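Trainee: One structure is given below, represented as structure tokens, and several questions about it will come after.
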Amino acid sequence: MMTVPPVLLKGDDLFEDDSALGPYENTRDISKYLLMHYGQIDDVFERPHHPLATAHRYPQRLSALLELCALRSGTQVRRALDLGCSVGGVSHALSDWVEQSVTGIDVSPRSIDVARTLNRHGCGTFNVIQQGPYAREVHIRVPSSSDGRAVVAFEVGDACDLRLVGEAARDVDAVVLSNVLDRVADPEACLHQFTDSDEFLRPGGLLMVACPWSWYPAYSTPERWLGSSSDHTPSEEAVKQMLGNAFDLLAESDEGAVLRQNPREYDYFEAHVTVWRKR
């Protein structure tokens with residue numbers, strides 16, 4: 001008997017004005033992140049040879065880079081933490097090679113609820129905007145831990161205060177900060193959890209920072225932004241200065257990604273990605 005996949009987001013909700021819920025709680029934004037994290041290339045672009053096609057599979061590319069750094073540095077990754085996980089695409093990508101467990105943490109309860117539903121059932125459906133009042137259904141699937149992959153779990157939490165998350169965030173072997181440092185109130189405090197203490201990331205563990213450095217006062221005051229307006233120090237250099245005393249830089253790259261608005265409109269961003277090994 002075939003199991004009916006759960007509905008992750010109701011299609012009609014795409015056309016309701018729920019913008020007051022915030023950018024990570026409203027239906028349209030969650031739909032866009034589900035598509036970016038899990039959608040097939042045909043689901044995203046709908047035509048072959050799209051000029052943005054190389055930006056597809058952003059979560060999977062981050063996971064592959066971290067895995068490569070683990071192999072090259074001889075780092076055993078049994079437990080990993082995905083901070084700012086949104087709907088969980090990076091968490092599931094990490095589970096393909098992390099040995100035991102991956103925990104995704106995000107401040108958005110609705111995103112975590114969607115991630116948990118998808119994780120529990122292994123599949124789901126949601127709708128994406130087409131044009132005007134029209135939407136299209138997308139089916140997605142994630143592998144199960146019964147396939148020999150790491151166990152994936154999701155928790156609501158603040159990336160700047162991992163003490164409140166509990167044991168799942170302590171003494172891990174790898175941490176991914178994907179598109180989160182320019183969306184927290186105090187990015188330095190977030191990083192200090194890993195530079196000033198071994199409570200969360202063990203010595204010898206890996207830290208990935210992926211961020212487009214798109215700062216907005218709605219998320220953090222300009223005084224908290226990484227970098228200096230007085231001497232024009234860019235955020236890319238500021239994060240290296242912060243981490244350089246406690247970590248060794250293993251890799252640095254730029255990774256493109258897209259959030260689909262509709263079949264003819266896409267938000268493209270390019271994340272600055274660094275991978276570090278803790279001394």
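Trainee: Among the residues of the stretch 210-224, what is the count of those that are surrounded by fewer than 10 Cβ atoms within 10 Å (Cβ to Cβ) and touching a helix residue (DSSP H, G or I) at 6+ places or on another chain (Cβ under 6 Å)?
Mentor: Summing the residues that are surrounded by fewer than 10 Cβ atoms within 10 Å (Cβ to Cβ) and touching a helix residue (DSSP H, G or I) at 6+ places or on another chain (Cβ under 6 Å) in the stretch 210-224 gives 0.
Trainee: Which residue, of Ala257, Ala238, Ala218, is closer than 18 Å to Ser86 by Cβ and free of Cβ contacts under 8 Å to residues at least 24 places away in the same chain?
Mentor: Working: Ala257 fails: free of Cβ contacts under 8 Å to residues at least 24 places away in the same chain; Ala238 fails: closer than 18 Å to Ser86 by Cβ.
Exactly one residue qualifies, and that residue is Ala218.
Trainee: Any residue at all in the stretch 48-56 that is in contact with a helix residue (DSSP H, G or I) (Cβ under 7 Å, 6 or more places away or on another chain) and part of a helix (DSSP H, G or I)?
Mentor: Within the stretch 48-56 (the criterion being in contact with a helix residue (DSSP H, G or I) (Cβ under 7 Å, 6 or more places away or on another chain) and part of a helix (DSSP H, G or I)), the answer is yes, since at least one residue qualifies.
Trainee: In the stretch 23-37, which residue that is touching a residue at least 24 places away in the same chain (Cβ under 8 Å) and out of contact with any Lys or Arg (no Cβ under 7 Å at 6 or more places or on another chain) is nearest to Arg110 (Cα to Cα)? First the steps, then the outcome.
Mentor: If we filter the stretch 23-37 for residues that are touching a residue at least 24 places away in the same chain (Cβ under 8 Å), which is where we start, we get 24-25, 28, 30-37.
If we keep only those that are out of contact with any Lys or Arg (no Cβ under 7 Å at 6 or more places or on another chain) as well, we get 24, 28, 31, 33-34, 36-37.
Working: Tyr24: 8, Arg28: 12, Ser31: 12, Tyr33: 12, Leu34: 12, Met36: 17, His37: 16 Å.
The residue in question is Tyr24.
Trainee: Count, please, the residues in the stretch 22-47 that happen to be in contact with a helix residue (DSSP H, G or I) (Cβ under 8 Å, 6 or more places away or on another chain), under 12 Å from Leu259 (Cβ atoms) and not in a loop (DSSP other than H, G, I, E, B).
Mentor: Result for the stretch 22-47: 9.
Trainee: Does the stretch 73-89 include one or more residues that are under 9 Å from the mean Cα position of the chain (by Cα), surrounded by 18 or more Cβ atoms within 10 Å (Cβ to Cβ) and of a type in the set (Asp, Glu)?
Mentor: The initial filter retains those residues of the stretch 73-89 that are under 9 Å from the mean Cα position of the chain (by Cα), namely 82-89.
Within this subset, residues satisfying the condition of being surrounded by 18 or more Cβ atoms within 10 Å (Cβ to Cβ) are 82-89.
After this cut, where a residue has to be of a type in the set (Asp, Glu) as well, the list is 82.
Taking every residue of the stretch 73-89 in turn, at least one turns out to be under 9 Å from the mean Cα position of the chain (by Cα), surrounded by 18 or more Cβ atoms within 10 Å (Cβ to Cβ) and of a type in the set (Asp, Glu).
Trainee: Search the stretch 214-242 for residues being more than 24 Å from Asp267 (Cβ to Cβ) and small (Gly, Ala, Ser), and hand back the single one that is farthest from the chain's Cα centre (by Cα).
Mentor: In this case the residue turns out to be Ser230.
Trainee: In contact with a Leu (Cβ under 6 Å, 6 or more places away or on another chain) and outside any strand (DSSP E or B): which single residue out of Ala168, Ala159 fits that description?
Mentor: On the way: Ala168 fails: in contact with a Leu (Cβ under 6 Å, 6 or more places away or on another chain).
That would be Ala159, the only listed residue that is in contact with a Leu (Cβ under 6 Å, 6 or more places away or on another chain) and outside any strand (DSSP E or B).
Trainee: Val90 - would you say it is among the aliphatic types (A, V, I, L, M), under 24 Å from Gly166 (Cα atoms) and assigned to a helix (DSSP H, G or I)? Can you show your working first?
Mentor: Working: among the aliphatic types (A, V, I, L, M): yes; under 24 Å from Gly166 (Cα atoms): yes; assigned to a helix (DSSP H, G or I): yes.
So Val90 fits the description; yes.
Coordinate-derived values only; no laboratory data. A quick note: this is a predicted structure, and the numbers were derived from the prediction, not measured. Glycine also receives a Cβ, built like all others from the backbone with ideal geometry; neighbour counts cover every protein chain displayed.
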